[in-house]
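S.K.: Next up is a structure, given as structure tokens.
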Amino acid sequence: METDKIKNIIEKSKKITILTGAGMSTESGIADYRSPAGIWEQYKAVTIQELGSDIQKRKYYWRYKAETIPGMIKAEPNAGHKAIGELDKQGKLHYLLTQNIDGLHEKGGVSKERIVNLHGTNLEAICWSCKKVYDIEKTLAKLEECDYDPRCEVEGCDGFLKPNTVSFGQNLNPDHLGIAGKAVAECDLFLALGSSLAVHPAASFVETAYSSQKPVIIINRDPTPYDGLALYKLTNSLAEILPEIMA
Ligand SMILES: [Zn+2]
């Protein structure tokens, strides 16, 4: 069976780098933001340029966040997140690169220094001017009071706050990209889990891993453009398969 072979490869590996995407969290009840359900189906992405220059866009953005973030705060890690947490406890996880902004890998037991939140996190807010980080729950709690335009409390700053995620039009953190490059170069196994591998540069990690002769395993419900590079490609539920192959 393929799963036995994969389990065997994981057993023998010592430095595993994992990339995770939205499919990792759907089983924790978090909708893929590319296909959000319900009233926000019509949500229009707001770019960082618009956030900086248009107060109405900013208010719209915070109203959207006020609808979606509380669910993320309450979400629980699933068995897949916990299996990766166990892998870290065994000392086999080199780095966990994630496109998710829900904080579920931290809750699933992966140590903070192993996690690279490529797209930032929704569990913090940040001042766009001085970069001071704020607790997201406190920021959400005062949204009505400030008419959905929360500002920095540092004296003389008054910069606008945004969730500490990478917005449209915003570059990824260069430090994160540096660590991600190292994570791929130094690993002895690369796993891509729950990612459609459609967004660069995350998708290119698979190419880099493959071209530097690392075994690549992809587990994703749907086909990805990189399936042909994978030693194994599975479509299983991550909450079911990860505890089995990482145990
Ligand atoms: Zn500030």
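S.K.: Among helices (runs of 4 or more DSSP H) lying entirely in the range 133-224, which contain 1 or more residues that are modelled with pLDDT of 95 or more, away from the ligand (no atom under 16 Å from the Cβ) and assigned by TED's automatic domain parsing to the domain that holds I84? Steps first, please.
M.R.: Details: elements: 136-141, 174-186, 202-211.
Where helices (runs of 4 or more DSSP H) fall fully within the range 133-224 and carry at least 1 residues being modelled with pLDDT of 95 or more, away from the ligand (no atom under 16 Å from the Cβ) and assigned by TED's automatic domain parsing to the domain that holds I84, they are 174-186, 202-211.
S.K.: Let me ask another. Go through the range 228-247 and count every residue that is crowded, with 17+ Cβ neighbours inside 10 Å and in a loop (DSSP other than H, G, I, E, B).
M.R.: 2
S.K.: When the residues of the range 104-130 are narrowed to those that are of a type in the set (D, E, K, R) and surrounded by 12 or more Cβ atoms within 10 Å (Cβ to Cβ), which ends up farthest from A79 (Cα to Cα)? Let's see the steps before the verdict.
M.R.: Initial filter on the range 104-130 (of a type in the set (D, E, K, R)): 106-107, 112-114, 124.
Filter once more, so that each one left must be surrounded by 12 or more Cβ atoms within 10 Å (Cβ to Cβ): 106-107, 114, 124.
Details: E106: 13, K107: 11, R114: 19, E124: 25 Å.
The qualifying residue farthest from A79 (Cα to Cα) is E124.
S.K.: State the number of residues belonging to the range 39-90 that are free of Cβ contacts under 8 Å to residues at least 24 places away in the same chain and over 26 Å from E145 (Cβ atoms).
M.R.: 4
S.K.: Then there's this: Take E155 and decide whether it is of a type in the set (D, E, K, R), touching a residue at least 12 places away in the same chain (Cβ under 8 Å) and surrounded by fewer than 21 Cβ atoms within 10 Å (Cβ to Cβ).
M.R.: no
S.K.: May I pose another question? When you scan the range 110-132, how many residues do you find that are within 9 Å of the ligand (Cβ to nearest atom) and among the small types (G, A, S)?
M.R.: 1
S.K.: Would a scan of the range 188-211 turn up a residue that is surrounded by fewer than 18 Cβ atoms within 10 Å (Cβ to Cβ), more than 14 Å from the chain's Cα centre (by Cα), of a type outside the set (K, R) and over 30 Å from A239 (Cβ atoms)?
M.R.: Yes: one or more hits.
S.K.: Give the residue, chosen from N122, N100, that is closer than 25 Å to N220 by Cα and part of a strand (DSSP E or B).
M.R.: Only one candidate passes the filter, namely N122.
The values are calculated or read from the model by the stated rules, or taken from the named source; none is laboratory data. Since we're looking at a predicted model, the values are computed, not measured. All Cβ positions, even for glycine, are placed from backbone atoms using ideal geometry, and neighbour counts span all protein chains on display.
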